[in-house]
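Everything on this sheet refers to the single structure shown next.
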Amino acid sequence: MKVVSELLELRSVRSGLESPVGFVPTMGYLHEGHLSLVRQARAECRSVVTSIFVNPTQFGPKEDLAAYPRDLERDLALLNREYVDLVWTPEPETIYPPGFQTWVTVEEATQRLEGALRPGHFRGVTTVVTKLFNCVDPDRAYFGQKDAQQSLVIRRLVQDLNIPVKVIVCPTVRETDGLALSSRNVYLSEQERQAAPVLYRALTAAQLAFLDGERQAEALRKIMSDTVIAEPLADLQYASCADPDTLIELESRVERALLSMAVFFRKTRLIDNLLLEE
Ligand code: PAF
């Protein structure tokens, strides 16, 4: 496994990789969710490239970039075990050179849900992903369903800018109690960790109601929010039942929907989602 940080070195090693090249962009502090993306890339591609870059521009002013967990040595050991060919760990100045002023924005899909609550977040994501794609030049790129809106926004980006990358969205990986894996789970206290599967309980309660015939979007949102409100350590930010393609909140009969939610446990904000289909 080659580990490079300079762009010239990345381009030189990349040019010798066999196609198709699968790419897994990450912000590091890897867990089984990331590794499942790497494994899918490994299964489908001749070469696998991963990037590790904690992207400052996708953090809001109140979100603590400095405290974001990092452990490069452990990340590299994990990637080595998955037979990754190339890891790129760019310096911030490579991605954002002095005088940087060019941004990529996806207009509509970023206005709702996470985008509405985290202004500027998706502009940071779409800009860095465009730059990573330009530098790595992959054939396929792997993202997690856990960040459903991010995946949708990146699909839109790739389509709108004719970027020749196939976007693959892989299933959410969960702990045995249903908690979706996230680098942020390490911030949870022991008690909060016990309480955190309430997100999945809320989503699956709404899913069960849907499977039992409940088709009213408002009723599904209420099932999710009632479940979370009953957990004293959880502070619900939103419970959404939205069109999975546009993310517009559904107001009437539901045939397909993205159920999604964000919940605070003190300062730790967790998100999760499930797709409903008739
Ligand atoms: O999902 C993430 O880890 C990040 O948003 C990404 C796609 C690596 C961009 O920084």
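The values are calculated or read from the model by the stated rules, or taken from the named source; none is laboratory data. Everything numeric here is computed off the predicted structure, so don't read it as measured data. A quick note on method: Cβ atoms are made from the backbone with ideal geometry, for glycine too, and the neighbour counts reach across all protein chains shown. When the accessible area is computed, the model is the full protein with side chains, heavy atoms only, and any ligands, DNA or RNA have been set aside. Shrake-Rupley method; radii C 1.70, N 1.55, O 1.52, S 1.80 Å.
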query: If r is the Cβ-Cβ distance from residue 230 to residue 12 and R0 is 45 Å, what FRET efficiency results, to the nearest 0.05?
result: 0.20
field: Average projected area [Cα convex hull, region 183-277], square nanometres
entry: 5.9 nm²
- request: From the C-alpha gyration tensor of region 2-170, pull out the three semi-axes of the equivalent ellipsoid (sqrt of 5λ each), sorted largest to smallest, in whole Å.
  value: 24, 18, 17
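Sort 131, 62 from largest to smallest accessible area, using a 1.4 Å probe on the heavy atoms of the protein chains.
Numbers: 131 45, 62 200 Å².
Correct descending sequence by accessible area is 62, 131.
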statement: Taking a crude spin-label model, label points 7 Å out from Cα along the C-beta direction, the residue 246 to residue 161 distance in nm is 2.6 nm
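Report the net charge of residues surrounding residue 185, where surrounding means a beta-carbon distance below 10 angstrom and charges are Lys +1, Arg +1, Asp -1, Glu -1. Mind showing how you got there, number by number?
Numbers: positive: 184, 193; negative: 175, 192.
In short, 0.
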message: Taking amide H atoms as placed 1.01 Å from N in the peptide plane, list the residues 5 or more away in sequence, or in a different chain, whose amide H sits under 5 Å from that of residue 48.
response: 22, 85, 86
Spin-label pair residue 237/residue 68, simplified geometry with 7 Å Cα→Cβ offset, distance in nm: 1.5 nm
- prompt: Separation of region 93-134 and region 1-51 by C-alpha centroid, Å?
  reply: 21 Å
task: Calculate what fraction, in whole %, of the accessible area of the chain sits on carbon and sulfur atoms when a 1.4 Å probe is rolled over the protein chains.
output: 50 percent
task: Only helical DSSP H runs with n ≥ 4 go in: add -39500 (n - 2.57) per run for the chain, normalise by residue count and round the 222 nm mean residue ellipticity to 500 deg cm²/dmol.
output: -11000 deg cm²/dmol
message: Using a Cα-Cα cut-off of under 19 Å, which lysines could be cross-linked to residue 62, ignoring same-chain neighbours fewer than 8 residues away?
response: 267
Qualifying GluC sites (Glu not before Pro) in region 55-98, DSSP loop, other Cβ atoms within 10 Å at most 13: 63
message: Taking 35 Å as R0, compute the FRET efficiency from the Cβ-Cβ separation of residue 277 and residue 201 and round it to 0.05.
response: 0.95
